[in-house]
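Heads up, the thing below is written out as structure tokens.
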Amino acid sequence: MDPHESLDRLIDEEGTFLGVVNVFDALVILIVIVAGIAGVALMSDQVGTPPESATVHVTLNLDTQPTYIAAAINEGDSYSPTENSNLTVTGVRVAPADTGTHVVVGAELSGVTRNDQFRYEDDPIRLGQEITIRTQTYKATGNVTEFSREPTLGANRTTVVVRERMVPREAEEIATGDEIAVAGRTIGSVSAVAVYPTNNASERVVLVESELPTHMQRDDRYFGDMQVSRGQNLRFSTTTTVIDGRIERVGTGLDRASRTNRTVRLVATGVSEETAAVVRPGLTERTNGRTTAYVTDIAITPSQVVATTANGTVITGDHPTRRDLTLTTELQVSETATGPRFRGERLQHGSTVVLDLETVTVETTVVGLSE
């Protein structure tokens, strides 16, 4: 049979297919059927991966907040921005700031997972993402600095020793157990304190040991927005005073367990006759109820003076009123990996040591140190 005769039998002279459907209409029906099949396949794919409920933990840096806002934020606060999203505060860290209180919170986010990606408020969680907490009491917005399936804030605390110079009255007011408070919250206390004399009678060196709540950001430890490291300035308020000094140590305290006595020879030059007369063996220096220095022996010699005569001759002689003191002492030191320390300062030949010996203060130089 001729192929053209077969085609003519399928499509008649009026352009109908098998005498029933117009060819153009048939093409349209075919396109609709194909599109329908594709749509069903797409819908089947979406229906095949329904969202599942899930949770992640984040650390939110709320930055500096007014103190009244910082005081209102509490563990357990919750906020549901959408039907499938919820935030619950799991921890709060506060620290002093210049114009308010720095706040960092840990939070548990409830959302959904689709195609292995967690979404909160229908957005995936990213570092730096802004998230808002809104309760009946306050509204605050922060940035994500950490996120994990496990809690990110934790109960981290870091021991620090802060050095500051103070007037004697303020130094005497600091005591072990003094509370450290920020925005109405007690965040720590003074674990130990040591007060030492200086060559200025109106000034004391104070070492304050405390344990502060910190949080991790990447691999670094932070107190508020300050990275906790040696040499950083740190300011906080205690029950009795404000500590505003430099971090001397991180992670260790005041070496209470490693104190030993060292025999140290000290020289004071050019002191007055009056001072020389009152410095004697048996004098002690006491700090925080313990003996830190004890004079075992003393040698007093006239200070030497150098003069030039009219003809240019250089002569030496004894000063009529000034004296040089050589003191043999027992100093209580802390033994460390880098050598002995006295009052937190490294003790070595040439070091300056100021002794507050009951009724007299003497500035001396180390000239001998026992092994």
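The values are calculated or read from the model by the stated rules, or taken from the named source; none is laboratory data. Keep in mind the model is a prediction, meaning the values are calculated, not measured. Every residue, glycine among them, receives a Cβ derived from its backbone with ideal geometry; neighbour counts consider all protein chains shown.
Structure above, values below:
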| read-out | value |
| --- | --- |
| Leading residue by the ranking (farthest from the chain's Cα centre (by Cα)) among those in segment 339-351 that are on the phi > 0 side of the Ramachandran plot and in a loop (DSSP other than H, G, I, E, B) | 350 |
| Residue match in segment 248-266 (condition: surrounded by fewer than 14 Cβ atoms within 10 Å (Cβ to Cβ), at pLDDT below 90 and part of a loop (DSSP other than H, G, I, E, B)) | yes |
| Failed item in (1) of a type outside the set (Phe, Trp, Tyr); (2) surrounded by 12 or more Cβ atoms within 10 Å (Cβ to Cβ); (3) part of a loop (DSSP other than H, G, I, E, B), with residue 103 passing the rest | (3) |
| Unmet requirement for residue 211, which otherwise passes all of (1) part of a loop (DSSP other than H, G, I, E, B); (2) closer than 23 Å to residue 154 by Cα | (1) |
| Of residues in segment 280-293 being within 29 Å of residue 174 (Cβ to Cβ) and not in a strand (DSSP E or B), the one modelled with the highest pLDDT | 283 |
| Any chance residue 292 is of a type in the set (Ser, Thr, Tyr), surrounded by 13 or more Cβ atoms within 10 Å (Cβ to Cβ) and either in contact with a strand residue (DSSP E or B) (Cβ under 6 Å, 6 or more places away or on another chain) or farther than 30 Å from residue 320 by Cα (or both) | yes |
| Pick from segment 304-338, criterion of a type in the set (Ser, Thr, Tyr), in contact with a Lys or Arg (Cβ under 8 Å, 6 or more places away or on another chain) and part of a strand (DSSP E or B), ranking: farthest from residue 275 (Cα to Cα) | 334 |
| Pair list, Cβ under 6 Å, 6 or more apart: segment 223-239 residue without any contact (Cβ under 8 Å) to a residue 12 or more places away in the chain, other residue in a strand (DSSP E or B) | 227/220 |
| Criterion (polar (S, T, N, Q), closer than 21 Å to residue 352 by Cβ and not in a strand (DSSP E or B)) met by exactly one of 275, 296, 301 | 275 |
| Residue that is farthest from residue 200 (Cα to Cα) [pool: residues in segment 344-371 that are in contact (Cβ under 8 Å) with a residue 12 or more places away in the chain and in contact with a Pro (Cβ under 9 Å, 6 or more places away or on another chain)] | 369 |
